[in-house]
1. If only one of C:GLY200, C:GLY221, C:GLY174, C:GLY227 is modelled with pLDDT under 70 and within 14 Å of chain B (Cβ to nearest Cβ), which one is it?
2. Can you give me the ranges of the helices (runs of 4 or more DSSP H) entirely in region B:89-154 with at least 1 residues that are under 20 Å from B:ALA378 (Cα atoms)?
3. Listed residues A:ILE48, A:ILE76; which is touching a residue at least 60 places away in the same chain (Cβ under 8 Å), more than 7 Å from every other protein chain (Cβ to nearest Cβ) and closer than 11 Å to A:PRO13 by Cα?
4. Looking only at region B:286-317, which residues are among the hydrophobic types (A, V, I, L, M, F, W, C), within 18 Å of B:VAL397 (Cα to Cα) and surrounded by 23 or more Cβ atoms within 10 Å (Cβ to Cβ)?
5. Does B:ALA54 count as under 41 Å from the mean Cα position of the chain (by Cα) and of a type in the set (Gly, Ala, Ser)?
6. Working only within region B:104-142, note down all residues that are more than 18 Å from B:ALA538 (Cβ to Cβ), within 13 Å of chain A (Cβ to nearest Cβ) and touching a residue at least 40 places away in the same chain (Cβ under 8 Å).
Amino acid sequence: MTERKIRVLIAKPGLDGHDRGAKVVARALRDAGMEVIYTGIRQTPEMIVEAALQEDVDVVGLSILSGAHMALCPRIIELLRRQGMDDVVVLVGGIIPDEDVEPLKQLGVKGVFGPGTSTGEIVEFIRQQVAG
Amino acid sequence: MYDKAKVRQIRSAVAQWESTDVRRSQSRLPERRSAFTTLSGATVNRLYTPADVADLDYARDLGLPGCYPFTRGVHPTGYRGKLWTMRMFAGFGTAEETNARFKYLLSQGQTGLSIAFDMPTLYGYDTDAPQAMGEFGKCGVAVSSLADMEVLLDGLPLDQVTTSMTINGPAATIWAMYIAAAEKRGIPRQVLGGTIQNDILKEFIAQKEFLFPPRPSLRLVVDTIEFGTREMPRWNTISISGYHIREAGATAAQELAFTLADGFAYVEAALARGLAIDEFAPRLSFFFNVHNDFFEEIAKLRAARRIWARTLREKYGARDPRSWMLRMHTQTSGVSLTAQQPEVNIVRVALQALAAVLGGTQSLHTNSMDEALALPSAKAATIALRTQQVIAEESGVANTLDPLGGSFYVEALTDRLEREANDYFRRIAALGGVIPAIEAGFQQREIAEAAFRYQHEIDTGERTVVGVNAYVSEEPPAIPLLEMDPLGYERQVARLRRVRAERDNAAVQAALRRLGDAARDDKTNLMHPILEAVKAYATLGEITGVLRQVFGEYQEPVFF
Amino acid sequence: MDQSADALLTALLAGNRRALARVISLIEDDAAEASALLSALYAHTGRAHVIGITGAPGTGKSTLVNALARAYRAQGRTVGVIAVDPTSPFSGGALLGDRVRMRDLAGDPGVFIRSMATRGSLGGLARAAGDVISVLDAAGFERILVETVGVGQAEVDIASAAHTTVVVEAPGLGDEVQAIKAGVLEIADIFAVNKADREGADRTVLALQMMQGLAPAAATGHHRATGAPMPHPQPQPGPQEDGSWLPPIQKTIALRGDGVDALRAWIERHAVYLRATGGWTRRETFRAATEIERILRDRLLAALLASLPADCFAQTVAAVVRRETDPYTAATRLLTYAP
């Protein structure tokens, strides 16, 4: 019997191409023993949810630096719900003003990680969320 | 630079000092770390002496300011003649809002404009394209057609100011809109001055705002260089950028090497088109990052000038000294800013700006303290500008030329960065050149590796970031953020729909057809058919769409 | 099988993609329900044409899989894709990035893409990949493309699960033919020379032809002596008179789609050849035999280990290390505990 692996989708919705953070996090999660599906830049909400479904991931990590998070996140969460994937843990990283953090959490985003977050913090958060 | 016998004496004196004074001191007080490194991970010695620069030849390697190889600067009088240009990048929301901001800036005495475009514009999409969802006006101004450009430039003295436009994939189209808007007002293209960033290679390497595959993209760049050379004598057709390469996580040496290698690739492409080196090289300009490691950054800018001068003269046979001069814009490092205790970013920006000035930049943008949180507010942008003014007017550093020239440490660092860059040039050449190296993911992988190493150092505490992994404060930041016109999107889309309805659509279709035909023919310069389409009010999305059809869209290989 | 697994199975067979994804996870994780699910699925398998796509890193496999899937979709075929990447031996994690190059397939209900990590041993890879193929087959996908990094034994294992194996080469990667090094040439039914617009593509084709024992002149047109009679007529690739199959060499430029439909046609022709010559049944027989052997091996081993007294295995190992006995004698003694 093999150990159950945590599967994480790391995606960049919207147009911004700054993928440094997404890649660093993807590598750190890999190094923490997770299977990371990386979809790359310029993903539409539909593409992200479709990939999350096919890959049957536990976690969807979204990296957004362009300021478009308040348009993109609600759409992604709505599409996940429509697929019955409410149990998927949604995380957002990037440049997210403080005043947007609470509304995002209200929508169902489980964690918001701004600049300066250590990768260890994200690994721990995912482990707790998936275990709980 | 030093007498051989004297260098030997210094070496033995240093060895003596290490084994006596240093050892005694260390036994009482050990050094804080077992090894000290630069931000880029290069070892830093305890002390630098003439022995570390013994091979330096003053005339060959440093020279005088304004003279080959320009290590000490490109102007004979430096900042004593003219201060660097304080060029602050701005743009948000609609053309109306940004136009108002520009008019305000000009009334405050600024002489150069710098336009930031929003994401959809940077990717060649119209504001109402489905791909543009949520992105309108966020990181700059939206320009979907000539009509937007006319509003953006309304009332601005285009024959007097120079304009820098940060645009890459659709640079040719946006430039054409600028030219068309000016000509409609009776200002001929010959008198227009400014810069388009137009550096597509670094998009593949780092920023990822590419549209087409590398080869047709490079052709478009050469089309603009050729057009500029023939018709726009006051325009810099490219700003070869290391900024984004560094922001993506590169080391100083990688930023230096990959940027200059891109520059050489553009030179070779323009030569292959049949342009003469001294026809176009004087108007190639550069754009570098200034990060936290003070001396390393200064050395990087000095090394850049020396490598460029040597290569243009020795390898490409340039004769005009203006072809040898590397002129640069610099910007302080965005990724070095923290969301925690954002006011502290003012200090970081000040130190970085000081390094840019000591490195001899021609133009500088200082970042605002709130950029790790959101788009900069007007207040934060003003403090950033004042920072430059304090350095220029109060610190005294602008009173003499290249004040750190001759510093044993800075010269040794300058040499080392030049060597490391040369090593990268060899590795890129071995892969077949810049584009094959990009296609094989060489630069991307090197950068991803450096970015991961850097984050690892912060996570493990090997590297301290004040307010992030040390000196942490729980107080939430109190920074007022930028408010935008909530009806901007509707206004922008309404204008776009009006343009589509009121223009002569048959003329637009004909112009787009001619553009497609021209794109399929490698021999035709695309600037003229693009200008024609722009003047018929074809939108950015339509023009880019035609080119996407012909060239295909690039899908990058992913490297971690 | 418990109720939830039963419901999953029903949903999967009815075309529910979420159920399909869940079942694949259960099988990958070797969950308790896995073998019951696979047993129940088996009756619905046997319809898909399984195509292995392998090649060294940098040959453009993912892009080729993307283009090939599109070519199949244009013919109205449904396509399942399994993209396999290695698990890090240090952390047990994996970075699976193949979807990046398959974005053209997004939004198409006739396509299902699943990324898989190799997870542990090579044999384990063959097991999971083989089982996931069965799941996609049962879900009704007509063509299943299995993409693996061509580095050795793993590919040979996966090839045993495929009807047709395409080995992808590309010019300019250092060696003329990368697969020689990896030793995966023997498994090729078809060669694709991808990135054929690059310099050196003809040399790669030539190198492959020479390995097939063909004189180089025929296909490349180089150095043909004018007027001189050809001493031996060149055999055409594909089915031969003696019933064998000479692997064709197809040039492709996956990024632009050039040569991809021709490659698809060769894959289809190979399937026709297999069915006509009994090769299809031979491959299925081999695969079934391998599967049963593996299951037997796993179960016998598990049963034996379960019947050993506590610490017996560890003590035996220690004795071998101390050279008090040898591994063969030790194994014989352990076998006496067999239930």
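1. Only one candidate qualifies: C:GLY174.
2. B:95-107, B:146-153
3. A:ILE76
4. Of the residues in region B:286-317, the ones among the hydrophobic types (A, V, I, L, M, F, W, C) are B:286-288, B:290, B:294-295, B:298-299, B:301, B:303-304, B:307-309, B:312.
Keeping just the survivors that are within 18 Å of B:VAL397 (Cα to Cα) gives B:290, B:294-295, B:298-299, B:301.
The answer is B:VAL290, B:ILE298, B:ALA299, B:LEU301.
5. Yes; evaluated as a whole, the condition is true for this residue.
6. B:ALA116, B:LEU122, B:PHE136, B:GLY137, B:LYS138, B:CYS139, B:GLY140 - these are the residues of region B:104-142 that are more than 18 Å from B:ALA538 (Cβ to Cβ), within 13 Å of chain A (Cβ to nearest Cβ) and touching a residue at least 40 places away in the same chain (Cβ under 8 Å).
Condition check ((1) at pLDDT below 95; (2) more than 21 Å from A:ALA52 (Cα to Cα)) across all residues:
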site	(1), (2)
C:MET1	yes, yes
C:ALA19	no, no
C:GLU28	yes, no
C:SER35	yes, yes
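Table: residues versus (1) of a type in the set (Asp, Glu); (2) touching a residue at least 24 places away in the same chain (Cβ under 8 Å); (3) away from every other protein chain (no Cβ under 14 Å).
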| position | (1), (2), (3) |
| --- | --- |
| B:PRO216 | no, yes, no |
| B:THR229 | no, yes, yes |
| B:ILE238 | no, yes, yes |
| B:ALA265 | no, yes, yes |
| B:ALA270 | no, yes, yes |
| B:GLY274 | no, no, yes |
| B:ASP278 | yes, yes, yes |
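The values are calculated or read from the model by the stated rules, or taken from the named source; none is laboratory data. The structure displayed is predicted, hence computed values, not measured ones. For neighbour counting, all protein chains shown are included, and Cβ atoms are generated from backbone atoms with ideal geometry for every residue, glycine included.
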